[in-house]
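Undergrad: Structure in structure tokens, see below.
The values are calculated or read from the model by the stated rules, or taken from the named source; none is laboratory data. Here the structure is a predicted model, which means the values were calculated and not measured. Backbone-built Cβ (ideal geometry, glycine too); neighbour counts: all protein chains shown.
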């Protein structure tokens with residue numbers, strides 16, 4: 001399992017949502033789907049969730065499940 005952190009950026013050529021490693025921020029990359037080239041930038045990160053390492057995602061899933069259970073308990 002990789003401990004890399006990613007951000008999501010839309011390819012300006014084909015519009016696909018791409019997960020880009022944080023260390024590639026500011027570099028020119030090539031879309032794996034359409035092969036269009038684009039520069040990664042901080043503006044693309046506004047309002048887009050950052051994909052975190054898998055363990056953090058599992059922690060977030062546990063939090064969401066717990067909050068759902070708490071909400072159900074309050075309703076009954």
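Undergrad: Which residues, counting only those in segment 1-35, are part of a loop (DSSP other than H, G, I, E, B) and under 20 Å from residue 58 (Cβ atoms)? Don't jump to the end; show me each part of the working.
TA: Residues of segment 1-35 part of a loop (DSSP other than H, G, I, E, B): 1-5, 11-16, 25-27, 31-35.
Listed by number, the residues that qualify are 1, 2, 3, 4, 5.
Residue-wise test of (1) in contact with a strand residue (DSSP E or B) (Cβ under 8 Å, 6 or more places away or on another chain); (2) at pLDDT 80 or above.
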| position | (1), (2) |
| --- | --- |
| 2 | no, no |
| 15 | no, yes |
| 32 | yes, yes |
| 60 | no, no |
